[in-house]
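Laboratory data are not the source of any read-out in this text; all were calculated from the coordinates shown. Please read all numbers here as calculations on a predicted model, not as lab measurements. Every residue, glycine as well, gets a Cβ built from its backbone with ideal geometry; the counts of neighbours run over all protein chains shown.
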Amino acid sequence: MRYDEEYSYINKELDKFEKGLAKAKSFEDIRKAFRNAEDLVGTEGFYVPNEDELLSFLNDKRRLAEKKLENNILNRLTKELKRVNSVVDYDAFIEAVREVRFDHLPYLRRDSHSDKRQGEFDTFFPLLEASYALRESRLRRGTIKDIKFRVSRAKSDKELEVLAQEVGALQAKPEYVKEYKKVLDDLQAQIEGKYSLLGKGMRYLKRLFSRGRRASQIRTASQMLNQLNKEIADLKREL
């Protein structure tokens, strides 16, 4: 969109606006460039003919710039996610995605449940969900690796009893059962095998596995109840 010589001063502002969009490194940069250009409309002493047409032009340019930046950032973050290989790296990556989301949709920063509610409508939310899932999978892998090592080294009744409760707790968690059911069953068999060789009552050991599973179920139910109560309290405040 260009204006003739009588209104050429508007073209200078439009050029400034488009340069601002071209240099934008964040969604806030784009919003700032748009606000500066939008402020020209209706400014005293700065006549702009065809204001509606100009505003429509500015909005179209803004949306195109936002979409381009959105795609560039999404592609970059998707590539970065493939290179993440530790829990610490996942934590840093998740924080980076959260900051991008807050820049993209600033109102999310004010919402205590932004990762679970309005986020569903944000382009970057699936990437955040994927990074959370991969982080949790890495944590589970580390937990299984650690407990396998400890079971292989355990020699005393006391060690085996502690491990029985820990394995039982993991057997009560669906996410662990889904990925590591056979491993957990094998660990239970190893613990029972070592324990029986030491000549102690197997019935007591079975109770330890059950106790671990029960304790894990209670903790999960308690966490779900606390989360539900918190969400209810937040909803009441919003009414």
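Restricting attention to region 128-156, which residues are in contact (Cβ under 8 Å) with a residue 24 or more places away in the chain and under 17 Å from VAL88 (Cβ atoms)?
SER131, TYR132, LEU134, ARG135, GLU136, SER137, ARG138, LEU139, ARG140, GLY142, THR143
Just checking, does region 124-143 include any residue being basic (Lys, Arg), assigned to a helix (DSSP H, G or I) and over 30 Å from ARG101 (Cα atoms)? It would help to see each step written out before you state the result.
First, the residues of region 124-143 that are basic (Lys, Arg): 135, 138, 140-141.
Add one more test, that the residue is assigned to a helix (DSSP H, G or I), and what stays is 135, 138, 140-141.
Keeping just the survivors that are over 30 Å from ARG101 (Cα atoms) gives none.
Checked against the condition, which is being basic (Lys, Arg), assigned to a helix (DSSP H, G or I) and over 30 Å from ARG101 (Cα atoms), region 124-143 yields no hits at all.
Out of the residues in region 1-34 meeting the condition of being among the aromatic types (Phe, Trp, Tyr) and within 16 Å of PHE57 (Cβ to Cβ), tell me which one is surrounded by the fewest Cβ atoms within 10 Å (Cβ to Cβ).
Here the residue is TYR7.
Go through region 157-187 and give me each residue that's without any contact (Cβ under 8 Å) to a residue 24 or more places away in the chain and β-branched (Val, Ile, Thr).
VAL162, VAL177
Does LYS206 meet the test of being farther than 21 Å from SER137 by Cα, assigned to a helix (DSSP H, G or I) and among the charged types (D, E, K, R)? Give the steps one after another, and end with the answer.
Values: farther than 21 Å from SER137 by Cα: yes; assigned to a helix (DSSP H, G or I): yes; among the charged types (D, E, K, R): yes.
When the stated conditions are applied, LYS206 passes them.
Looking at region 14-32, can you tell me whether even one residue there is part of a helix (DSSP H, G or I), hydroxyl-bearing (Ser, Thr, Tyr) and either within 30 Å of ARG138 (Cβ to Cβ) or in contact (Cβ under 8 Å) with a residue 40 or more places away in the chain (or both)? Reasoning before the result, please.
Taking region 14-32 first, the residues part of a helix (DSSP H, G or I) are 14-23, 27-32.
Now drop any that are not hydroxyl-bearing (Ser, Thr, Tyr), which leaves none.
No: zero hits.
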